[in-house]
Amino acid sequence: MKLNILLFFSGLCCIGAAAAIPDAEPDVTAQVVAVLEGIADGKTAPDRFTERGSSYLAVPGLPALMKGCPRPLMLELLSRNVNGEDRLYVYRATCQPQALRIAIDFNKAARINRLELAPEH
């Protein structure tokens, strides 16, 4: 299941309590906020996703997971990595009843290849 992959990834890159890092790309973070708020409202933007990336929108319960997040959504950047032409960002969103970890992967055309959300433990 796609949600479990993030838990594995988060465990590898963020042992213990993850501290936020400076966000040198606030425009990217703003794009992520817009996508996540759209998902919470049931209004996805398919043009922002690759074909592979759009499959992550079909995860059952994804909009419900976002409903506990305040508006405007506030994200903390936990990590940023480059893998070839892809950029992977991991964020924390403070939501109720618990925070969420969000992993999002942008391709060279700035379209989303991957979007994974999981409760932070």
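The values are calculated or read from the model by the stated rules, or taken from the named source; none is laboratory data. In this text, all values refer to a predicted model and were calculated from it rather than measured experimentally. Here Cβ is always computed from backbone atoms with ideal geometry, including for glycine, and neighbour counts include all displayed protein chains.
Residue-by-condition table, conditions (1) farther than 23 Å from Ile21 by Cβ; (2) modelled with pLDDT of 95 or more; (3) surrounded by fewer than 18 Cβ atoms within 10 Å (Cβ to Cβ):
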position: Arg52; (1), (2), (3): yes, no, yes
position: Leu62; (1), (2), (3): yes, no, no
position: Lys67; (1), (2), (3): yes, no, yes
position: Leu73; (1), (2), (3): no, no, no
position: Arg111; (1), (2), (3): yes, yes, yes
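Does the stretch 80-99 contain at least one residue that is assigned to a strand (DSSP E or B), surrounded by 19 or more Cβ atoms within 10 Å (Cβ to Cβ) and among the small types (Gly, Ala, Ser)? Within the stretch 80-99 (the criterion being assigned to a strand (DSSP E or B), surrounded by 19 or more Cβ atoms within 10 Å (Cβ to Cβ) and among the small types (Gly, Ala, Ser)), the answer is yes, since at least one residue qualifies. What tally of residues in the stretch 25-75 results from selecting those that are part of a loop (DSSP other than H, G, I, E, B), closer than 19 Å to Val90 by Cβ and without any contact (Cβ under 8 Å) to a residue 12 or more places away in the chain? Looking only at that region, the number is 0.
This table checks each residue for (1) in contact with a helix residue (DSSP H, G or I) (Cβ under 7 Å, 6 or more places away or on another chain); (2) among the aromatic types (Phe, Trp, Tyr).
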residue	(1), (2)
Gly42	yes, no
Met66	yes, no
Leu75	yes, no
Arg80	no, no
Glu85	no, no
Tyr91	yes, yes
Phe106	no, yes
Ala118	yes, no
